[in-house]
Amino acid sequence: MTSFDFAPLLAPGLPPPAAKWTGFAKYNFTGGHNDADHVPVDLLLKAATDVLAREGRNLATYGLASGPLGYRPLRDFLAQKLKRTAGISCDADEILITSGSLQAIDLVNGILLDRGDTVIIEQATYQGALTRLARLGVAAVGVPLDAEGMRIDALAAALDDLKRRGVRPKYIYTIPTVQNPTGTIMSEARRHELLRLAAAHGVPIFEDDCYADLIWDGRRPPALYAMSKHGGVIHIGSFSKSIAPALRVGYIVAEWDVLGRMLALKNDAGSGALEQMVLGEFCTPHFDAHVPRLTRGLRAKLETLMDALNEQFGTAAEFNDPKGGIFLWVKLPDAVDTQKLFQPALAAGVAINPGAEWSTDPGHGKSRTRLCFANPSHETIRAGVATLAEVCRREFGVPDRIANVAQRARA
Ligand SMILES: Cc1ncc(COP(=O)(O)O)c(C=O)c1O
């Protein structure tokens, strides 16, 4: 039987087809996966049983009798948690539950962006944000980061430059609290400066707080959303990093004038109900105790990764100790092109994220790589880094063989 040819019927402008999934690499440092040992399976199981026994009949209605914004007890939990941790005063009706925060990004983009628009974004940033902008035909102006996040002098220069050219950017996208991929946290003082500058230029801020729960010492500055005196901030967050990414639950916090516009675009008749119910039931009694257990485990894995890199790469691998999160942003010597390292590393069983895909400026990302340490075990991290060093040495001549000796001498 010849198969039907859909090709001539496909809508114009589709992205290239997805590759078929062939399983995870043996040493997988890609993606934003979580630590399997810290998924609170037993408590989620109990939450699922309890909430279904009590409220399962509500599954008969679209929106679980909570309306289109999402399961009310989950939004109530978020409202009190955001107040306590991020200083955000909002009520449950200013929160829209989404199918992962990726849907939140799509909804924000959906109400604000048009082909030919410009946005400002951190120079090293979340690939999922960059690919969406590229697909929408939106120009992304990158602003370099330092140890405190987006550099305000560079942001001011970018805003001035755009103004001179008559361009009003649609938003400033930032991941201020445990930045992806650099792991920095923007200080409170810098947040004030950012808000002042954005307001002066009439540009809203799109605050992505995806990793804000995963801070080693648990201390964070208030959210930009909380600090803004005159609105102009849309805040999104996720349960992917604090609980589990496969649940696909994220959220948007915004004032109703914009939230209502996003809700009108969210045409899926509500995000998955079971995961919202289970999270709602789990989070109120257990979220606060769960998070520090998770971050302790993540910190231990980060230590293993940094040790392994020091041992295997010596001074050839440069990185800052991130303040939290699940990623290490590693600079290799200029001779290394991580996009060219990707295939031979994968052939040896090691999957890495090449830095160019996490940057508005491919030159900046060329010899950098983002390594996710949350999912692999300590042993896998060590073995994976050793294998990566072998492949890198074979392909690019670095690190040299005495890397570990050089490192000990340095210490
Ligand atoms: C900065 C940032 N925002 C949003 C997301 C999307 O996450 P999710 O859709 O799982 O909530 C990610 C995922 O890694 C991310 O790193």
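The values are calculated or read from the model by the stated rules, or taken from the named source; none is laboratory data. Source: prediction; values computed, not measured. Cβ placement follows ideal geometry from the backbone for every residue including glycine, while neighbour counts extend to all protein chains displayed. Heavy atoms of the whole protein, side chains included, go into the accessibility calculation; ligands, DNA and RNA do not. Shrake-Rupley method; radii C 1.70, N 1.55, O 1.52, S 1.80 Å.
State which residue is nearest to the ligand (Cβ to nearest atom) when the search covers only segment 91-126 and only residues that are within 30 Å of Met277 (Cβ to Cβ) and of a type in the set (D, E, K, R). I'd like the intermediate steps shown before the answer.
So the first thing to find is which residues in segment 91-126 are within 30 Å of Met277 (Cβ to Cβ), and the list is 91-111, 126.
If we keep only those that are of a type in the set (D, E, K, R) too, we end up with 91, 93-94, 106.
Working: Asp91: 22, Asp93: 21, Glu94: 19, Asp106: 10 Å.
Filtering first and then ranking leaves Asp106.
Among the residues in segment 49-68, are any open to solvent by less than 50 Å² (accessible area, probe 1.4 Å), more than 19 Å from Val233 (Cα to Cα) and outside any helix (DSSP H, G or I)?
So in segment 49-68, the residues open to solvent by less than 50 Å² (accessible area, probe 1.4 Å) come out as 51, 55-56, 63-64, 66-67.
Those left that are additionally more than 19 Å from Val233 (Cα to Cα): 51, 55-56, 63-64, 66-67.
Subsequent filtering for residues that are outside any helix (DSSP H, G or I) retains 66-67.
Yes.
Among the conditions (1) more than 26 Å from Phe319 (Cβ to Cβ); (2) surrounded by 19 or more Cβ atoms within 10 Å (Cβ to Cβ); (3) within 16 Å of the ligand (Cβ to nearest atom); (4) not small (Gly, Ala, Ser), Val138 misses just one, which is (3). Of all the numbered requirements in (1) assigned to a loop (DSSP other than H, G, I, E, B); (2) closer than 18 Å to Arg75 by Cα, Ile236 misses one, and that requirement is (1). Please work out if Ala129 is more than 24 Å from Met186 (Cβ to Cβ) and either within 11 Å of the ligand (Cβ to nearest atom) or free of Cβ contacts under 8 Å to residues at least 24 places away in the same chain (or both). In short, no.
Does Lys301 satisfy being basic (Lys, Arg) and crowded, with 19+ Cβ neighbours inside 10 Å? Show your work before the answer.
Details: basic (Lys, Arg): yes; crowded, with 19+ Cβ neighbours inside 10 Å: yes.
So Lys301 passes the test.
Which one is farthest from the ligand (Cβ to nearest atom), of the residues in segment 203-231 that are modelled with pLDDT of 95 or more, outside any helix (DSSP H, G or I) and small (Gly, Ala, Ser)? Step by step, filter segment 203-231, then rank; the result is Ser228.
Take the conditions (1) farther than 25 Å from Ala374 by Cα; (2) open to solvent by less than 10 Å² (accessible area, probe 1.4 Å); (3) assigned to a helix (DSSP H, G or I); (4) of a type outside the set (Val, Ile, Thr); Ala104 misses just one of them, which is (1). Each residue in segment 324-347 was checked for being small (Gly, Ala, Ser), in a loop (DSSP other than H, G, I, E, B) and either open to solvent by 40 Å² or more (accessible area, probe 1.4 Å) or free of Cβ contacts under 8 Å to residues at least 24 places away in the same chain (or both), and 1 of them qualify.
Would it be correct to say that Thr315 is open to solvent by less than 30 Å² (accessible area, probe 1.4 Å) and in contact (Cβ under 8 Å) with a residue 60 or more places away in the chain? Don't jump to the end; show me each part of the working.
Numbers: open to solvent by less than 30 Å² (accessible area, probe 1.4 Å): no; in contact (Cβ under 8 Å) with a residue 60 or more places away in the chain: yes.
In short, no.
Output the residue which, of all residues in segment 172-202 that are open to solvent by 10 Å² or more (accessible area, probe 1.4 Å) and part of a loop (DSSP other than H, G, I, E, B), is farthest from the ligand (Cβ to nearest atom). Checked segment 172-202; the qualifying residue farthest from the ligand (Cβ to nearest atom) is Gly202. Applying the criterion of being in contact with a strand residue (DSSP E or B) (Cβ under 7 Å, 6 or more places away or on another chain) and assigned to a loop (DSSP other than H, G, I, E, B) to the residues of segment 364-405, the residue that is farthest from Thr304 (Cα to Cα) is Ser367.
Go over the candidates Leu328, Leu294 one by one and state the one that is more than 20 Å from Gly365 (Cβ to Cβ) and in contact with a helix residue (DSSP H, G or I) (Cβ under 7 Å, 6 or more places away or on another chain).
Working: Leu328 fails: more than 20 Å from Gly365 (Cβ to Cβ).
After applying the criteria, what remains is Leu294.
Examine segment 146-169 for a residue that is within 18 Å of Trp358 (Cβ to Cβ), within 16 Å of the ligand (Cβ to nearest atom) and open to solvent by 10 Å² or more (accessible area, probe 1.4 Å), and state whether such a residue exists. The answer is no, given that none of the residues of segment 146-169 is within 18 Å of Trp358 (Cβ to Cβ), within 16 Å of the ligand (Cβ to nearest atom) and open to solvent by 10 Å² or more (accessible area, probe 1.4 Å).
Yes/no per residue for (1) more than 9 Å from the ligand (Cβ to nearest atom); (2) open to solvent by 20 Å² or more (accessible area, probe 1.4 Å); (3) farther than 25 Å from His38 by Cβ:
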| residue | (1), (2), (3) |
| --- | --- |
| Val233 | yes, no, yes |
| Ser238 | no, no, no |
| Ile243 | yes, no, no |
| Val249 | no, no, no |
| Met262 | yes, no, yes |
| Ser271 | yes, no, no |
| Glu275 | yes, yes, no |
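Of all the criteria given as (1) in a helix (DSSP H, G or I); (2) touching a Ser or Thr at 6+ places or on another chain (Cβ under 8 Å), the one not satisfied by Val141 is (1).
What number of residues within segment 69-91 satisfy the criterion of being hydrophobic (A, V, I, L, M, F, W, C) and out of contact with any Phe, Trp or Tyr (no Cβ under 9 Å at 6 or more places or on another chain)? Walk me through how you get there before you give the answer.
The initial filter retains those residues of segment 69-91 that are hydrophobic (A, V, I, L, M, F, W, C), namely 69, 74, 77-79, 82, 86, 88, 90.
Now restrict to residues that are out of contact with any Phe, Trp or Tyr (no Cβ under 9 Å at 6 or more places or on another chain): 69, 79.
Total meeting the criteria: 2.
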